[in-house]
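Peer 1: First the structure, which I've put down as structure tokens, then a few questions once you've had a look.
The values are calculated or read from the model by the stated rules, or taken from the named source; none is laboratory data. All values reported here derive from a predicted model rather than from experimental measurement. With ideal geometry, Cβ positions are generated from the backbone for all residues, glycine too; neighbour counts draw on all protein chains shown.
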Amino acid sequence: MPHRKTGEQTRVILGLSAAIVAVQDGQPLILAVPRHGHKRERADFLPFGPFNPVAHRTMEMGLRAWVEEQTGLKLGYVEQLYTFGDRGRHAKPEDQGSHEVSVGYLALAREAAATGPGSWRRWYEFFPWEDWRGGKPAILDEQIEPLLRQWAALPETNPGKAQGLGRQERLRLFFGLDGLPWDEEGVLERYELLYEAGVVPEARRDGRGNADLENAPALPLLGQSMQHDHRRILATAMGRLRGKLKYRPVIFELMPPEFTLYELQRAVEAISGGHLHKQNFRRLVEKGRVVEPTGSVSTRTGGRPAALFRFRREVLRERPAPGLRVKAIKG
């Protein structure tokens with residue numbers, strides 16, 4: 001495509017990326033793969049590949065084909081997230097080659113099955129500040145908040161950009177400072193603020209580090225980085241899934257056909273990143289009539305047998321938003 005002013009040709013590739021989520025033993029997992037053809041390289045990519053309109057009738061069909069080819073996994077639930085195409089946000093800022101626009105997808109798996117060269121990684125490796133199940137993460141008080149307060153106090157080159165709010169306001173809002181609540185759905189906004197401040201590895205890799213902060217003691221590793229825009233895509237997937245828990249029964253796409261209420265609670269906690277009060281959770285589930293007893297019991301925990309439940313699909317016809325409007329305990 002020629003630029004109308006410069007006449008230069010720009011080749012754009014449409015890529016497809018999948019944030020594939022599973023829950024196992026109460027931990028949220030994300031499927032990561034090594035670079036294509038490099039089995040020994042660190043698995044810090046999401047499964048991805050170019051869209052081929054000749055081979056694939058739709059983008060979703062192309063995504064499913066790429067994931068199965070790279071991991072052997074046949075996807076179930078899939079939904080499109082967002083299109084990611086910012087110029088300059090790739091490994092080599094000076095790269096003059098093709099520009100890739102990536103369409104991100106969220107996919108859910110009922111089990112963390114073996115996936116060839118891929119590996120299931122805890123998604124809190126990439127976002128440790130998002131896991132509040134054991135209280136406020138220490139990384140917030142010890143590293144992130146001091147760095148961001150220092151950055152927010154610097155003169156702004158473009159005040160009020162995009163969000164209409166300054167650095168101080170966005171820091172308070174997205175990270176729940178000065179008495180404001182922590183919004184578990186704001187995963188992407190928090191990551192973007194860290195990127196803008198230049199304190200995550202991807203920003204420094206992309207040539208967008210912050211010289212004022214880099215002159216301070218060595219910056220900590222704020223979560224495991226990912227290649228390209230893949231941690232940004234993962235952040236979008238996390239926020240989307242946390243939000244959908246409240247109005248759609250997507251959690252059951254991550255559960256086996258039969259489960260105990262304790263297993264269901266742990267799965268919800270894993271995704272939402274907060275601790276839930278046991279009795280309140282059970283009352284909410286029973287009142288919402290989203291599950292029904294199977295009549296069987298489980299001895300998987302090795303303790304007292306627990307009643308098994310299954311998702312009650314009739315709820316989809318009974319009301320428009322049959323989610324789990326849980327209130328996680330933070331702090």
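Peer 1: Name, by its number, the condition in (1) out of contact with any Lys or Arg (no Cβ under 8 Å at 6 or more places or on another chain); (2) within 26 Å of L194 (Cα to Cα); (3) surrounded by 19 or more Cβ atoms within 10 Å (Cβ to Cβ) that does not hold for G243.
Peer 2: For G243, the exception is condition (3).
Peer 1: Tell me, which helices (runs of 4 or more DSSP H) lie completely within segment 260-325 with 3 or more residues that are surrounded by fewer than 20 Cβ atoms within 10 Å (Cβ to Cβ), modelled with pLDDT of 90 or more and outside the structural domain of D183 (by TED's automatic domain parsing)? Quick ask: steps written out before the conclusion?
Peer 2: Working: elements: 261-272, 278-288, 315-318.
Qualifying helices (runs of 4 or more DSSP H): 261-272, 278-288.
Peer 1: Could I ask something else about it? Do we have any residue at all in segment 119-139 that's over 27 Å from V268 (Cβ atoms) and modelled with pLDDT under 95? Please lay out each step first, then the result.
Peer 2: Within segment 119-139, the first condition is being over 27 Å from V268 (Cβ atoms), and the residues that meet it are none.
No: zero hits.
Peer 1: Can I ask one more? Would you pick out the residues in segment 246-258 that are of a type outside the set (S, T, Y), within 29 Å of Q80 (Cβ to Cβ) and surrounded by fewer than 22 Cβ atoms within 10 Å (Cβ to Cβ)?
Peer 2: Filtering segment 246-258 for residues of a type outside the set (S, T, Y) gives 246, 248-258.
Next, only the ones that are within 29 Å of Q80 (Cβ to Cβ) stay: 246, 248-257.
Matches in segment 246-258: K246, R248, P249, V250, E253, M255, P256, P257.
Peer 1: Follow-up question, since we're still on this one. For A152, are the conditions met, namely being modelled with pLDDT of 90 or more, loosely packed, with under 13 Cβ neighbours inside 10 Å, in the same structural domain as R190 (by TED's automatic domain parsing) and among the aliphatic types (A, V, I, L, M)? Working first, answer last.
Peer 2: Working: modelled with pLDDT of 90 or more: yes; loosely packed, with under 13 Cβ neighbours inside 10 Å: no; in the same structural domain as R190 (by TED's automatic domain parsing): yes; among the aliphatic types (A, V, I, L, M): yes.
Here the answer is no, as A152 does not meet what is asked.
Peer 1: With the structure loaded, tell me whether Y195 is at pLDDT 95 or above and either closer than 30 Å to V21 by Cβ or in contact with a Pro (Cβ under 8 Å, 6 or more places away or on another chain) (or both) or whether it fails that test.
Peer 2: Values: at pLDDT 95 or above: no; either closer than 30 Å to V21 by Cβ or in contact with a Pro (Cβ under 8 Å, 6 or more places away or on another chain) (or both): yes.
Spelling it out, it is not the case that Y195 is at pLDDT 95 or above and either closer than 30 Å to V21 by Cβ or in contact with a Pro (Cβ under 8 Å, 6 or more places away or on another chain) (or both).
Peer 1: Given the conditions (1) more than 22 Å from A237 (Cα to Cα); (2) buried (at least 17 other Cβ atoms within 10 Å of the Cβ); (3) at pLDDT 80 or above, report the number of the one that L180 does not fulfil.
Peer 2: (2)
Peer 1: For L29, are the conditions met, namely being in a loop (DSSP other than H, G, I, E, B), modelled with pLDDT of 85 or more and within 23 Å of A235 (Cα to Cα)?
Peer 2: no
Peer 1: Could you give every pair whose Cβ atoms fall below 9 Å, whose first residue belongs to segment 212-232 and is part of a helix (DSSP H, G or I), and whose second residue is modelled with pLDDT under 90 and of a type in the set (K, R), counting only separations of at least 6 or pairs across chains?
Peer 2: E214/R204; R232/R89
Peer 1: Of these, R57, R64, which one is surrounded by 14 or more Cβ atoms within 10 Å (Cβ to Cβ), of a type in the set (K, R) and either part of a strand (DSSP E or B) or modelled with pLDDT of 85 or more (or both)? Let's see the steps before the verdict.
Peer 2: On the way: R57 fails: surrounded by 14 or more Cβ atoms within 10 Å (Cβ to Cβ).
Sole residue among the options that is surrounded by 14 or more Cβ atoms within 10 Å (Cβ to Cβ), of a type in the set (K, R) and either part of a strand (DSSP E or B) or modelled with pLDDT of 85 or more (or both): R64.
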